[in-house]
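Student: Before anything else, here's the structure in question.
The values are calculated or read from the model by the stated rules, or taken from the named source; none is laboratory data. Computed from a predicted model, the values in this text were never measured in an experiment. All Cβ positions, even for glycine, are placed from backbone atoms using ideal geometry, and neighbour counts span all protein chains on display. Keep in mind that these areas ignore ligands, DNA and RNA; they rest on the heavy atoms of the full protein, side chains included. Shrake-Rupley method; radii C 1.70, N 1.55, O 1.52, S 1.80 Å.
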Amino acid sequence: MTDSEKMDYQSELTETQRALREVTLMIEQSQGELGKITQRNTAITSHLQQLQKQGTTVEDLKMSYDSALDVQQRLFVMRGQLEKLQNDRDHLQKYKTILENIVSGGIGGNVDGAPASASGAKSQMAGIEMIVNAQEAERQRLSRQMHDGPAQALSNFILQTEIAMRLLDVDPAQAKEELGNLKTSAMGTFQKVRNFIFELRPMMLDDLGLVPTLRKYSDAFKEQSGLEVSVTVTGSERRLEPYLEVMIFRAVQELLGNASRHSQATLIKVQVDLGSEFIRVNVEDNGKGFSPEILQDSPSLGLKLIRERAEMLGGTFEIDSAAGSGSRISFTVPSKM
């Protein structure tokens, strides 16, 4: 390493140490704020229990539930923020260790998992950063789904139950109607939770394998999105290594979601070729297409992460798309390592 390169890495190390101190301070502040919100949530929960015992009017009870829901939302957001800061701290600490190893001249020593060259350090950290950012983006998506879906529904269930209990003695017919509405809402939420769990980790992926899971998921995706989705499988249908099944399923899941959200497509075709040496996956849609060059500046990590994982496994990743002509995204991975 030249003196100039060493100075650059020393400067990067100084900046990383400064960022690490700032993140550590933010974690301490967030932990204090989280403690205050937790105490507030405990106090509101206790107040709600007292109101229920005192026979408060339905309107007052609803206002109290709304206040409780607001505090719970703030609590949920603060916990997510704290978790992100802690992940950022871990990321920076690992980066600092690698930089310290480079600056001290121990590049070849491979200390604490550091790469064997300066360029290897940059490559490793780029991969780590991409994975961390992708994990955070997925956590944010899941937190929004949980808050807007099951969490909100459960809060409404409590309120509907309280209303039905109050009406039971004074207006049994109205109480029966409220219970009917509650049952309908519960059935709808139950189905949403099942879909949510299936998206998180389909149990049939472990039990039955990749191909049945892809077919089942495409049927569910078709029903939810209203798009026409087809899955074609060629080659020898068989179980793959668990890490390959997970990687391919998550990639197809991401590509279907992208097509639904961004492409304005009406038809999506998924093709999986289970070759003896390579697995090839094509996801093609008839949407508006896009210029592959824009991905360089795009904040979205989905396609970048698929490329990273495919190439890490010794495979390939290709994009065939142009504005106004749909898109076809393909990747291959070795069927055996």
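Student: How many residues does the stretch 1-19 contain that are more than 34 Å from the chain's Cα centre (by Cα) and basic (K, R)?
Tutor: 1
Student: Those residues that are among the aliphatic types (A, V, I, L, M) and farther than 20 Å from A153 by Cα, I need them from the stretch 164-183; list them, please. Let's see the steps before the verdict.
Tutor: Our first condition is that a residue be among the aliphatic types (A, V, I, L, M); within the stretch 164-183, this holds for 164-165, 167-168, 170, 173, 175, 179, 182.
Passing the criteria: L167, L168, V170, A173.
Student: Then there is this: Test each condition in (1) without any contact (Cβ under 8 Å) to a residue 24 or more places away in the chain; (2) within 22 Å of K304 (Cβ to Cβ) for E254 and report the one that comes out false.
Tutor: Condition (1) is where E254 drops out.
Student: State which residue pairs qualify: first residue at pLDDT 75 or above and inside the stretch 190-217, second residue open to solvent by 50 Å² or more (accessible area, probe 1.4 Å) in any location, beta carbons under 6 Å apart, and separation of 6 or more residues or different chains.
Tutor: G209/R239; V211/E237
Student: In the stretch 239-260, is there at least one residue being more than 25 Å from the chain's Cα centre (by Cα) and either part of a helix (DSSP H, G or I) or surrounded by fewer than 16 Cβ atoms within 10 Å (Cβ to Cβ) (or both)?
Tutor: Going residue by residue through the stretch 239-260, those that are more than 25 Å from the chain's Cα centre (by Cα) are 239.
Subsequent filtering for residues that are either part of a helix (DSSP H, G or I) or surrounded by fewer than 16 Cβ atoms within 10 Å (Cβ to Cβ) (or both) retains 239.
Scanning the stretch 239-260 turns up at least one residue that is more than 25 Å from the chain's Cα centre (by Cα) and either part of a helix (DSSP H, G or I) or surrounded by fewer than 16 Cβ atoms within 10 Å (Cβ to Cβ) (or both).
Student: Among the residues of the stretch 70-111, write down those that are at pLDDT below 70 and in contact with a Ser or Thr (Cβ under 7 Å, 6 or more places away or on another chain).
Tutor: Of everything in the stretch 70-111, just one residue is at pLDDT below 70 and in contact with a Ser or Thr (Cβ under 7 Å, 6 or more places away or on another chain), namely I107.
Student: Could I ask something else about it? I want to confirm something. Restricting to the stretch 218-251 and keeping residues that are among the charged types (D, E, K, R) and in contact (Cβ under 8 Å) with a residue 40 or more places away in the chain, which single residue is farthest from E277 (Cα to Cα)? Break it down into steps so the answer makes sense when it comes.
Tutor: So in the stretch 218-251, the residues among the charged types (D, E, K, R) come out as 219, 222-223, 228, 237-239, 241, 245, 250.
Cutting the leftovers down to in contact (Cβ under 8 Å) with a residue 40 or more places away in the chain gives us 228, 241, 245.
Values: E228: 31, E241: 13, E245: 15 Å.
Per the criteria, the residue is E228.
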